[in-house]
Each structure stands twice: as C-alpha cells, then as structure tokens.
Amino acid sequence: MNAPPPLSQLRKGRHPGAESYEEILDQDTRPVPAFLREQHVPELPLEGVPVERYFDREFFQKEVQHVWLKCWQWACREEDIPNVGDTEIYDVVGKSLLICRTKPDEIRAFYNSCPHRGRKLATLPGCKSEFRCPYHGLSWNTDGVLKNNHIAWDFPQWEGGKMDLPEAKVETWGGFVFINFDLNARPLMDYLGPLAKDFERYELHNRHKIIHVQKPVRCNWKALAEAFMESHHSVTTHPQILPFLADVNSQYDLLNDYVSRHFSAQGVASPLLADQNLTAEQIIAAMTGQATSRRQVGEAGAVPEGMTARQFAAEQGRQALSASDGWDYSDKSDAEMLDALLYNLWPNMSFWAGFPPNLVYRWRPRGLDPEVGIMDVVMLKRAPKDAPRPPPVPVHELGIDEPWSAAEELGGLAGIFEQDMGNLPYVQEGLHASGTGVVHFARYSEMRIRQLHLLIDRWIAAGEAGS
Ligand code: FES
Ligand SMILES: [Fe+2]
C-alpha cells in the first residue's frame, strides 16, 4: 500500500469531491478573523485503542488518579456565586468541592469533607455564613478557617495544629470557575491559551446562562464526549440536519496538545446530498423547520435573487440577534453568525465560538462509575446592550431515564441530543461485545478523539513514572 499523502497537503476537499470549509468561507459576505482560516493537522499514530478503557475499573482508577485529579475542569460559573458566601458544589470521581466566593474578588474551593470524621459539610448549594458540619457541629468560616470546635478539650492531638479546610486550586476564565485538585498544577492558561485567544471576541465573561441542563447517560464519559467531537455521524444519527450542515467536509484542528476544534458550516447542504441540488429556499426551510434554537434564521421566505441560503440565514441571524439584545452585528462574519465552531479543552469541556447564544458542554464520570457519564449542556447569551446582565438560570437536573425533551428550555436541540443519546448505551454495550477488542479512529475527522486518548495515555504514563 502506498503511504497516504500528509494531512497538511490535503487542505482542500479532505472529503473527496467536496468543497473545504475554507472554500465556503471564501464565498461569505464578510471577512472572517484569521484564526478561522488557520489549519493545524499534526500527524498522529493511527493505532486503535483497546475497548477496555471504556469500562475496565483498573484503567478507570488510573484515569482518576492521573487525569481527573490533575487536570483543570470548570466547576461552575462566576455568576452562579455573585455574593460573598455563595457556594456551589462540584462533584467528580468521588471528590466533592465547595466552590465559595470568599471575598468580592476571590473564589476558593474547599474539600467538602469534614476533617473530623468525614461527613460532607454541605449537600446543597446556597449562600453560607459558615460551613457547619451536621454530624457533631464543628464549623469553619467560609474562608476555610476553623471557627468552632466545642470538643477541642477532647482533641489534644489537634492542639496547636491547623485544622482549616484543605483546598483545591482555582482559576477563572470567560466567567467560568476552573478547579484543579493538583496544587502543583501548571497555570490554566498553559492549557487554555489558544482557545482563550480566539474567544476574546466572544466575551464569554459578559454572558449569562440561559440554559443549564444536566443528565446522566449510560456510557463511559469518553464515549459521551466523543459523540460531540466530530460531525460525520450526522448522516445516520441526525439526517434531518443534512440539508443545512456541511458535515463530511468539516474542518478539524489541534491547536496545542490540549485545545482542539472542529468547524462545520451551516446554511449549506451536506456534500452527501449533492445529487438533490437543494434550492436556497429548501435549505432555509430545513433550517427553520428544525428550530435548532441557537441560530435564529427568521421566518422561512423567499431568498432574494442572487443570495445564497447561507448568506440569507446569516443576515436573518444578525437582525434577529440585534432585535433580541440590542447589539450591532452588521459587520460580523457569516461563519460567526451561523456555523458550528466547537473548541474543546482537554479532557472534558467544549465551548462553541461565535456571536449567537452559544453552547458549552461538560462531560465527566458519575462518581466512580466508568459506565455512567454526566453531561452538562449550558447555553450562554450575551448581556443586553445598556442593561444589567440577567441572573443565570439554575441547573435543571434530568434523571438517567428522563428524555432531554423533559427540559423544554432546550427547544429543538432536545431532539438532537436525544438522537445522540440513542446511540450511547449501545456504544457501551457494543464495546463490551467487541469481537476485535479495539476501537479505531479516522485519521482526519476523528483526530481530536485520537488526541484525547493519546493524552490520557501520556498523563497516566507520566503519573506512573512519578514525574
Ligand atoms: S464528622 Fe463533622 S463534626 Fe464530626
Ligand atoms: Fe450528534
């Protein structure tokens, strides 16, 4: 077999016969920022990964120790805890943190576990004046300093020692509060850098949560994350969006070891429907009919002569968004009004770029179960012009057997998530049932998933080597 050409040479038409994302941008009505045109496609090894890493408890323990307890992960939004004393609880891999605003400009994360005999100090979020353990009544100030120990007489071993609550590391970006259990972790920006740079224009810190839905799903957290890291599953999983989604000719990039992205153009038909020669009206009708809620394309109507569906949808989106928040979008690119521009921060977070209300995802294991994951779906909307930022919505928790449609606030998106979730329990069962014992990833379209696994391997190896 001849060696395949390097990915870096396949700038156009990585899917045979299809125009590239870059070529779609060439036809847009406004210039796009340069970073949307950059391409970063390193060559990665093509070997598959063993199926055990999706369910094996020994492997999962390694992930917990060397990935989950070492990596940065967002725990809540700053707007969730606006006042001193406000506290959110973040649970992951059997750990629990109290994320507390300790001063107007300071947020800290304390282990949610009583240093006496271990009871969780809080099981509900809210504004706290102290952390008082419900078991024997010891209490700590919200800055983590021991406040009251009425059984001090019986604890000579604590005398002179510090019994303050232990802490995790905290940093913020884009209005998100990130935590890291590793007190020696490198700064968040060492990982997030390229994402933070590209997102400056979208000002996530000035947005507020208009949706936050959380749901357990019967599959490993990686299988859950992987369902949102490529677009080429749309042809079979979401066929109804193909009339307006450039799926198989999406662009995929790795910006550094920890930030990856993929771009799927909207308002253009999938190359897989090329033989249908859809008209602009048919594309717009499919978009409005699907009501994917984030992109407002206005009412379906006659597309003016000489305008493509993509140009029309972008313009409708500008006008609808301006009417909704008062900001001017007249110079914003078609791509940033319409496209699916998904950036991921390793290992478990995804942030959509662009100007409309945008999605953020988070995936994590449920407790210490490698076979149940939890997905958070957040939507952030820009604060209205000349008006205070509205307060964030609270988390809407769905049960493991509840459909996404039970969260009415998701609108048309619920159906898309339901389609994704329709696969996942069967992915998990199929991994157990595997006849080859190996999962394979496409060289280009699944490059981000490959990177997820390579880094997990690298962190486990480094952790086991003690570095
Ligand atoms: S376990 Fe918390 S005061 Fe005893
Ligand atoms: Fe999907």
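The values are calculated or read from the model by the stated rules, or taken from the named source; none is laboratory data. Everything quoted here is computed from the prediction, not taken from an experiment. Methodologically, a virtual Cβ is constructed for each residue, glycine included, from the backbone with ideal geometry; neighbour enumeration extends over all protein chains shown. Just the protein is used for accessible areas: all its heavy atoms, side chains included, with ligands, DNA and RNA removed. Shrake-Rupley method; radii C 1.70, N 1.55, O 1.52, S 1.80 Å.
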- Message: Filter the range 98-114 down to the residues that are within 18 Å of I179 (Cβ to Cβ) and within 13 Å of ligand 1 (Cβ to nearest atom) and list them by number.
- Response: Y111, N112, S113
- Query: Conditions: (1) within 30 Å of F60 (Cα to Cα); (2) open to solvent by 10 Å² or more (accessible area, probe 1.4 Å). N348 meets all but one. Number of the miss?
  - Reply: (2)
- If you scan the range 120-133, which residues turn out to be within 16 Å of ligand 1 (Cβ to nearest atom), open to solvent by 40 Å² or more (accessible area, probe 1.4 Å) and within 21 Å of V145 (Cβ to Cβ)? K120, K128, E130, R132
- Item | Hits in the range 82-108 (condition: of a type in the set (A, V, I, L, M, F, W, C) and either touching a Leu at 6+ places or on another chain (Cβ under 7 Å) or crowded, with 20+ Cβ neighbours inside 10 Å (or both)) | I89, V92, V93, L97, L98, I99, C100, I107
- Task: Give Q451, Q428 a once-over and let me know the one that is polar (S, T, N, Q), over 20 Å from D401 (Cα atoms), in contact (Cβ under 8 Å) with a residue 24 or more places away in the chain and open to solvent by less than 40 Å² (accessible area, probe 1.4 Å).
- Result: Q451
- In the set R117, R186, R207, the lone residue that is out of contact with any Cys (no Cβ under 8 Å at 6 or more places or on another chain) and within 16 Å of ligand 1 (Cβ to nearest atom) is R117
- Restricting the search to the range 217-272, which residues are open to solvent by 10 Å² or more (accessible area, probe 1.4 Å), among the charged types (D, E, K, R) and within 15 Å of ligand 2 (Cβ to nearest atom)? E226, E230
- Note on the structure: By residue number, the members of the range 355-383 that are out of contact with any strand residue (DSSP E or B) (no Cβ under 8 Å at 6 or more places or on another chain) and open to solvent by less than 40 Å² (accessible area, probe 1.4 Å) are P356, P370
